[in-house]
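One structure is given below, encoded as C-alpha cells.
The values are calculated or read from the model by the stated rules, or taken from the named source; none is laboratory data. Bear in mind the structure is a predicted one, so any value in this text is a computation, not a measurement. Please note: Cβ atoms are built from the backbone with ideal geometry, for glycine as well, and neighbour counts cover all protein chains shown. Remember, those area values only see protein heavy atoms, side chains included, never the ligands or the DNA or RNA. Shrake-Rupley method; radii C 1.70, N 1.55, O 1.52, S 1.80 Å.
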Amino acid sequence: MIASCLCYLLLPAARLFRALSDAFFTCRKNAFLAKSSSPQVDGDFAMAPRGPDQEECEGLLEQWQEEGSSQALSTVSEGLLVDKGVAESSLAHLMDNPGEQDAASEDKWSSRQLSDLWAAENLEESFPEVLGEEPLPEVEGPMWAEVPVQTGPQYADCAVLPVGALAAEQWEEDPAVVAWSIAPEPVPQEEAPIWSFEGLGQLQPPPVEIPYHEILWREWEDFSTQPDAQGLEAGDGPQFQFTLMSYNILAQDLMQQSSELYLHCHPDILSWNYRFANLMQEFQHWDPDILCLQEVQEDHYWQQLEPSLRMMGFTCFYKRRTGCKTDGCAVCYKPTRFRLLCASPVEYFRPGLELLNRDNVGLVLLLQPLVPEGLGQVSVAPLCVANTHVLYNPRRGDVKLAQMAIFLAEVDKVARLSDGSHCPIILCGDLNSVPDSPLYNFIRDGELQYHGMPAWKVSGQEDFSHQLYQRKLQAPLWPSSLGITDCCQYVTSCHPKRSERPAGWAEPVIEEDISEPEPDFPRTVGTIQHCLHLTSVYTHFLPQHGRPEVTTMPLGLGMTVDYIFFSAESCKNGNRTDRRLCHDGTLKLLGRLSLLSEEILWAANGLPNPFCSSDHLCLLASFEMEVTAL
Ligand code: KL2
C-alpha cells in the first residue's frame, strides 16, 4: 500500500515539480532576454543579467499572488502535465486502423465523421452559403464544458495528483499564470483597434495589454547588409521591397473538434473573440504587405477577418476547402503595393480518384509590384504568391505528394513566362511535412525518387515503420488522367499556346485549361520533378540555441511544418542536392522573423498561449525585387 502510494503520488509529484521549476526558470530567463536592451544577452540565457527586468517579472508574480485565480491554477497544472509521452500515446490510435481504412479514420473530419458530429450536436445544416445576420456563436461557456476531464490512461501519472500537493510557490510562478492573471484593462477609445468588440455585445476586451512579442521574443534577423551574388548590397540602385507573412491561424471549428489537443490552455484564451483580437494585433504589429493564411474559417473570414483586414488596407482572396470543411486559405495583399494580375484557387479533390479524395486547397495569386513614383521609367517582374494547406494525415504521404504536384502545376502555369522561365515565386503555407522529409526535399531539390517508399515516410511527421501493413508509393504516383506530368506541369501547358500571352505580363492573365487532359504522355519511372528552383527562408535550426526551429506544437511536441519558399537562382555546380547553396535570384531575402525552440515555447505553456493565439507561429520574411530601368 505504502509502496503504491509512493509510486503513484510521490513519483509523479516529483516529476511535476521538476517540470514546473524547469518551466519557470526558462521563463524567467526568457522574460529577461525579451525585455533586455543589452546586446550582450543576445540569445544566451546563461548570460542573462539580473536587474530591473527580473524585478518586473517578480512584480508580475506578486501581482498574481494577490489576485490568485483558481481557474489559472488548474489550467497550469493541466498544461504542464502534457508531455511527449502523452503526445505519443494519443497518436497511438492512428495506428489501430491499418490498411485501406486508414484514409478515413486518420482524417478526423472526413465527411462521414463530420456529419455524425453535426448530427450529434443537432447541427444538421452545413455552413450557410450566404451568411446571415445571426450573432457569432458564444463559445466561452460551452467550450470549457466540452473539454474532457483528463482521466484517460495516458494521464494516469498525473490525474491523481491534487494541485494542492505542491507548495504554492512552485506553481504560482509559472509564466502562463503571470500572463493571464494580468487584470484586463479597457482599451482607451482613441487606441481601440479596428477589430475591437463594438457591436458584439457582452464580449470582453482582450485581457492582456503586454504585446506577446515582449514575452516570446522573436528577433528580426536582418540580411540586408549581406552582399548578394553580384556583390550588391540591398538598397544599391532602384529596388522594390516587401514583407510576406504565412500563418496557420487555427480554425475554431478544427480546434473544437479536437479539443483534446488543447487541454493545456485556459478556456478564455481559446475563445475565438480573444484569439481574433490577438491575431489582428499580430497582423498589425508586423504589418506585412502580403498575408497568407491557413485554417481560416469561412464565417470568421466573411464576418470579421476580411472586413478588419480591408480596414487595415488589404485586399483579400479566400478559398474554402471542398466538401463540408469550414476552413480554407486566404491571401491578402496591400493594393498600394501590388496590382492583381490573376487569382487562381486550387482544389486537390478529384472525384473518383482515391489518391485525391481529400478536401485540401491552395490559392495562387499573380501580383504586379507597384513601383513608387519618382523612380522614373522602370519595370519590375510580376510576383507569384502561392499559399496552401496540405493534408495532415501522417500516413498518407502519397496524397500529400499528389496534392503538391497539383499545386506546383498551378504555380508553374501562373508564373510561367513566354520563354518558359518563371517570374519570381513565393510558395508558402502549412505543408504538414517536416524539414528534410522526402516532401520537403522534393520542393527544395526539384526531384524525388519515390518508387517503393513507404507512404508514411514522405512527410516525416511520424514513424510508422513498426506497422505490418505499409502502403508503398508505386510508379506512376498519379494517373495520367490527372493531366499532370511527372515534372509537375499541366499537360496542356506544355503546348506553345503559352506564347500567346502578352509580353511583360502587362495585362491580367486569366487562362482556363479548356482542353481535355491528354492521357498519352511519357511518364518517368518512379521519379517526380519540378523546375521552380525554390529555397526556404528558414534554415529550421537555431544556431544560438543549438535546437531545431519550431512552427507548431501539437501536444507539446514542437516541429516545423510551415514554410516560406522563394525562387532562387539554381546552382551552377550541377549538383541538385546542393540547392541549399543557391544564391538569391530576382528575389533577394532581406530578413526574417526568427522562430523559437520547443523549450522556449514550453516556458510559455506551449501553443496557443495568452500571447500566441494559434497552435502555429507566424512566419515573416522581407524580400527585395530587382527593378530594371526601361
Ligand atoms: O497539423 V495542422 O492540424 O497543419 O496544424 O492541419 C490539420 C491538423 C488540420 C486540418 O486538417 O486539422 C488538424 N489529429 C490532430 N490534428 C488533426 C487531425 C488529427 N487526426 N486531423 C486533422 N488535424
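Only protein atoms count toward the accessible area here, which uses a 1.4 Å probe; on segment 236-293, the carbon and sulfur part of that area reaches 44 percent. Taken one residue at a time, the phi angles of segment 433-443 give Karplus couplings (6.51, -1.76, 1.60, θ = phi - 60°) of 8, 9, x, 6, 6, x, 5, 4, 5, 4, 5 Hz. Gly and Pro are set to x. Overall, the accessible surface of segment 395-447 at a probe of 1.4 angstrom is composed of carbon and sulfur to the extent of 40 percent. Amide H to amide H distances under 5 Å link Val378 with Leu630, where only residues 5 or more positions off or on other chains count and H is placed in the peptide plane.
Which order do the peptides 371-378, 351-358, 239-246 take when ranked by the mean count of other beta-carbon atoms within 10 Å per residue, highest first? Can you show the working numbers first?
Details: 371-378: 11.0, 351-358: 15.1, 239-246: 21.6.
In decreasing order of mean packing, 371-378, 351-358, 239-246 become 239-246, 351-358, 371-378.
May I ask you to give the solvent-accessible area per residue for segment 307-443, in square angstrom, as obtained with a 1.4 angstrom probe? Can you show the working numbers first?
Details: 3770 Å² over 137 residues.
Per-residue value: 28 Å².
For Gly591, nonlocal amide neighbours, meaning residues 5 or more places apart or on other chains whose placed amide H falls under 5 Å from its own, are Phe223, Ser622.
Over segment 332-483, what relative contact order in percent results from Cα pairs under 8 Å that are six or more residues apart?
Taking the mean separation of contacting Cα pairs over the length of segment 332-483, I get 20 percent.
Distance from the alpha carbon centroid of segment 311-366 to that of segment 414-479 works out to 20 angstrom.
What chymotrypsin sites (Phe, Trp or Tyr not before Pro) does segment 450-496 have in DSSP loop regions with at most 15 other beta carbons within 10 Å? Numbers along the way, then the final one.
Values: sites: Tyr450, Trp456, Phe464, Tyr469, Tyr490; in loops: Tyr450, Phe464, Tyr469.
The qualifying sites are Tyr469.
Taking amide H as placed 1.01 Å from N in the peptide plane, Leu340 has its amide H under 5 Å from the amide H of Gln368, each at least 5 places away in sequence or on another chain.
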